[in-house]
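Below is one structure, written out as structure tokens; the observations come after it.
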């Protein structure tokens, strides 16, 4: 993709636009993906249930228009990470009346590809994007631990053995930072905060490759489904439409 490239240097990648565009693209889907999913699913299911009535025909046409609008929103989001525009190509309505419009709309493969992306792939894309963005944000927040490690307050134990302590725990500390058993790192001092921040910095730099690769995968899937479907015989048809080698010797091309 024209604006997507993985750099070998993790520091250059971290400060480049690829990382932050990727984060914005994935985070945008986490925020808006479920809204588009709910809108399209509700519109299609409601229209399908009411197809036995005249109102159902109108609602099916409206549902197709809703799916197209939501797909156009995703096409616009693709522009944030790819300069090449993605434009939908839908069949033109032939004939007049609601039934002609309904047949054209729902016999169009582009409509079904829109629904496949917005509804069918919502769950796997949302799980993938949410997991990657969450881990990336955790590493990013961990870099700033020396500033705020003292603010959180944790409560441990029960009854007379209960207690509390300030700090951030990475692991399992059921009896507090100095109790037993305890596994991991409990950040309750400035040196520990700097140590944790250094670890998070290294993990953040490395995880940027996963972030960018995930955004690239998501964008590739979106482009494949939301782009106009290419005719596999297009090149052959163009060759057949061109004048043949004998056309210059035949009067009026006959």
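Taken as a whole, the condition of being touching a residue at least 24 places away in the same chain (Cβ under 8 Å), in a helix (DSSP H, G or I) and touching a helix residue (DSSP H, G or I) at 6+ places or on another chain (Cβ under 7 Å) applies to residue 67. Screening 103, 153 for residues that are surrounded by 14 or more Cβ atoms within 10 Å (Cβ to Cβ) and modelled with pLDDT under 95 leaves exactly one candidate, 103. Each residue in the stretch 78-128 was checked for being assigned to a loop (DSSP other than H, G, I, E, B), closer than 14 Å to residue 222 by Cβ and in contact (Cβ under 8 Å) with a residue 12 or more places away in the chain, and 8 pass.
Residues satisfying the criterion are present in the stretch 34-43 (criterion: in contact with a helix residue (DSSP H, G or I) (Cβ under 6 Å, 6 or more places away or on another chain), crowded, with 19+ Cβ neighbours inside 10 Å and either over 24 Å from residue 87 (Cβ atoms) or free of Cβ contacts under 8 Å to residues at least 40 places away in the same chain (or both)). Note on the stretch 181-204: residues that are touching a strand residue (DSSP E or B) at 6+ places or on another chain (Cβ under 8 Å) and loosely packed, with under 15 Cβ neighbours inside 10 Å amount to 3. May I ask you to say which residue of 197, 193, 236 is over 20 Å from residue 130 (Cβ atoms), assigned to a helix (DSSP H, G or I) and modelled with pLDDT under 90? Just a single option satisfies the conditions, and that option is 236.
The values are calculated or read from the model by the stated rules, or taken from the named source; none is laboratory data. Being a predicted model, the structure only gives us computed values, none of them experimental. Cβ sites come from the backbone with ideal geometry, for glycine too, and all protein chains shown count toward neighbours.
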